[in-house]
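The values are calculated or read from the model by the stated rules, or taken from the named source; none is laboratory data. The structure displayed is predicted, hence computed values, not measured ones. Here the Cβ is made from the backbone with ideal geometry for all residues, glycine too, and neighbour counts use every protein chain on show.
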Amino acid sequence: MKLEIQREQLLKPLQNVVNVVERRQTLPVLANVLLEMHDNAFTLTATDLEVELVTRASVITSDSGEVTLPARKLFDILRNLPEEAAIQLGFDGERAVLKSGRSRFTLATLPAADFPTLDEIPFDLELSLPQRTLKTLIEKTQFAMAQQDVRYYLNGLLLDCVDGELRAVATDGHRLAYACAAVTAAAAAQVIVPRKGVQELARLLADSDEPAQVRIGTNHIQVVIGDIRFTSKLIDGKFPDYQRVIPREGRRVVLADRLVLRTALTRTAILSNEKYRGVRLQLDNWLLRVQAHNPEQEEAEEEVEVNYSGDGLEIGFNVAYLLDALGALDGELVKLSFNDANSSCLLQNPDSEDCRYVIMPMRL
Amino acid sequence: MKDKEQRKIIHVDMDAFYAAVEQRDDPRLRGRPVIVGGPPASRGVVATASYEARRFGVHSAMPSAQAYRLCPHAVFVKPRFEVYRAVSQHIRAVLGRYSELIEPLSLDEAYLDVSISTACRGSATLIARDIKQAIRAATGLVASAGVSYNKFLAKLASDLDKPDGLAVITPAQGPDFVAALPVGRFHGIGRATERRLLALGIATGADLRARSRDELVGHFGKAGAWYHQLARGIDERPVEPDRARKSLGAETTFATDLDDPAEMLGQLRALAAEVATDLARRGLRGRTLTVKVRYADFESVTRSLSFAEPTATYADLEPRLAVLLARTEAGPRRVRLLGVTVSGFETAGRGQGLQLVLF
């Protein structure tokens, strides 16, 4: 088997899959990428046994065969060769020899038969949506996913396909992020995509109207994006009932300039307790006061003009949660809706219900 | 003694806890022998072995090197106590739904007194089954439970059909169960006492029961009276919730007094390692480290220092031992006892703001 190819023709597809290769593996073959050649095409496959990425590219060759190569080493070599360099990849027993100009690399290979690939997966639901839409759903919510939480079903993103909408929901138990978009789907489905798969998927999606084909099965989700096929295992668990957690509009509804509030909170956060990040919000007529102090007894106070008249309220929050939500929202204004100091706060764009953020307060 | 209301005690014990958490979090480890503890090439020990590894004779507290010889294809995993502590808190939250009277023994073990619990119409067996299901739902992990009328028998019961076990020892079964039990399995009987009992011709609970209280007290002092009770299936120890432990330490007295500071430091390191393991097992982190020195003339001194952040790790404790020892007169004065204690345990969230939760 032999492959003669230009650097970019191999580097680009490899770049699309190499991220999924873990730096430390339990099986040696997982450090490798599977290269399969057929008539005038090749595919590259990388996996960490949870997420599998396959990409396909055309090349002029009549050879066929398959082998696995050390993924990161191959990637680093290609990356550091000059642009548009001509590359020759040949195989000699258990070694692969990569030649380009006056460079020559001998790489160890492992048999393709040892490489774990997914079998044919049955899918129950298929839908197509613009890549931009799916990318937005993920970007508006993924920051709220839990990380290594013992409630393992929180370490991922819920995709809920229901009522002509695709909804993405993430929560770590302290705050929740919700985003939805209209889609056409033949059936309903609710699945949890693990954290790593979510991050990988967000990276692969482009900000374009080109379609992403989403297929959902019992144990897997697959997304086809152009020449790339992404498949991830699903988290088997019951996601909390997010509808119950998202409050209706509260008793105190505040309109604020989103960026003004965000920058005021960013400055206040500097003097909040580094570990607990608590800030105190004092709501009065036409005024929101933000205060923080730290164990060194340093203090910050900011006043933000807001559109509100009604009862006063004093409530504490982890400032990082507020900043995450304000950063993910768009629009000039933000609508904050409170009930009391022990109930959650709802943040959203006053003109749209598509993105909603729920944050539980802190008792300060 | 007055007639007492029959108690209902449940002992909940997580199956191969640390290893089970690792297998839960890393699907690649499922179905494979997993050993949580020091790496095989180190002088570390096994903290927990998965059931797959136990089949090869690996058990906790065994040196990792020996475990490696028994089961070379096992996956050795470094313990993640932070995660175990967090899982343990979730388990404790689950237990809290069934009783106020919970006595945690370690991260993976607790007693509950459900005598007055109204859950499951008061059936302790049904409560135990419920608890197992609730723990699995909340954490994805498997627990064994033992139900009986005191702590001694509840603990023995939880061991009866591990893993995923649920066993009951009723008041009617208790005496027969104890009669058949080898003395080594009795609460408070370690290897040394077991040897002494065997030398006296006492091998089982029935043998123990045949001896008079006075004879047992004659041989074993106060402990003898305790064995006399246990042999009858009697254990009145209450389930003590929230043992508010203030410090945790270990000390050792030497057969001959020490005068070499290097040797003293070696002893302190061994004690600190023991304390660190204990702290981790109980999920505690402390701010203050104390070294205790008793000189040959029985005068004792202590030297302490505090950490900026609460800790429980040997790596944090170890470098401070030499500093504290140097602040005593150990060396010029001979030493008969050394101790290491950690105190000032953190209390969650104090004064820092309590984050409320969505669900």
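Considering every residue within segment A:285-300, establish whether at least one is within 12 Å of chain B (Cβ to nearest Cβ) and surrounded by 20 or more Cβ atoms within 10 Å (Cβ to Cβ). Among the residues of segment A:285-300, at least one is within 12 Å of chain B (Cβ to nearest Cβ) and surrounded by 20 or more Cβ atoms within 10 Å (Cβ to Cβ), which makes the answer yes.
Scanning for something more than 29 Å from B:Tyr84 (Cα to Cα) and in a strand (DSSP E or B), does segment B:270-289 turn up at least one residue? No, segment B:270-289 contains no residue that is more than 29 Å from B:Tyr84 (Cα to Cα) and in a strand (DSSP E or B). Among the residues making up segment B:197-214, those that are surrounded by 14 or more Cβ atoms within 10 Å (Cβ to Cβ) and part of a helix (DSSP H, G or I) are B:Leu197, B:Leu198, B:Gly205, B:Ala206, B:Asp207, B:Leu208, B:Arg209.
With B:Thr256, B:Thr193 as the choices, which residue is modelled with pLDDT under 90 and in a helix (DSSP H, G or I)?
B:Thr193
Among the residues of segment B:105-147, those that are farther than 24 Å from A:Gly173 by Cα, hydrophobic (A, V, I, L, M, F, W, C) and surrounded by 15 or more Cβ atoms within 10 Å (Cβ to Cβ) comprise B:Leu105, B:Ala110, B:Leu112, B:Val114, B:Ala119, B:Cys120, B:Ala124, B:Ile127, B:Ala128, B:Ala143, B:Ala145, B:Val147. Across segment A:141-175, the number of residues qualifying as within 14 Å of chain B (Cβ to nearest Cβ) and charged (D, E, K, R) comes to 4. Kindly establish whether A:Ser232 is polar (S, T, N, Q), surrounded by 15 or more Cβ atoms within 10 Å (Cβ to Cβ), within 30 Å of A:Ser128 (Cα to Cα) and not assigned by the TED database to the domain that holds A:Leu44. Taking the combined requirement at face value, the residue satisfies it.
Among the residues of segment B:35-63, the one identified as over 22 Å from B:Arg24 (Cα atoms) and polar (S, T, N, Q) is B:Ser42.
Name the residue that is surrounded by the fewest Cβ atoms within 10 Å (Cβ to Cβ), counting only residues in segment A:320-344 that are over 26 Å from A:Thr133 (Cβ atoms), more than 22 Å from the chain's Cα centre (by Cα) and away from chain B (no Cβ under 11 Å).
Going through the qualifying residues, I end up with A:Asp340.
Of all residues in segment A:197-214, those satisfying the criterion of being touching a strand residue (DSSP E or B) at 6+ places or on another chain (Cβ under 6 Å) and surrounded by fewer than 19 Cβ atoms within 10 Å (Cβ to Cβ) are A:Asp209, A:Pro211, A:Gln213. If you go through segment A:220-235 and keep only what is β-branched (Val, Ile, Thr), in contact with a helix residue (DSSP H, G or I) (Cβ under 7 Å, 6 or more places away or on another chain) and part of a strand (DSSP E or B), you end up with A:Val223, A:Ile225, A:Ile228.
Does A:Val334 fit the bill of being farther than 19 Å from A:Pro247 by Cα and in a strand (DSSP E or B)?
No.
The criterion of at least 2 residues that are farther than 27 Å from B:Thr313 by Cβ, in contact (Cβ under 8 Å) with a residue 60 or more places away in the chain and away from every other protein chain (no Cβ under 12 Å) is met, among strands (runs of 3 or more DSSP E) falling completely within segment B:1-106, by B:9-14.
Of all the residues in segment A:236-272, those that are at the interface with chain B (Cβ under 10 Å from one of its Cβ atoms), without any contact (Cβ under 8 Å) to a residue 60 or more places away in the chain and surrounded by 18 or more Cβ atoms within 10 Å (Cβ to Cβ) number 1. Looking only at residues in segment A:347-364 that are within 14 Å of chain B (Cβ to nearest Cβ) and assigned to a loop (DSSP other than H, G, I, E, B), the one that is nearest to A:Glu165 (Cα to Cα) is A:Met360.
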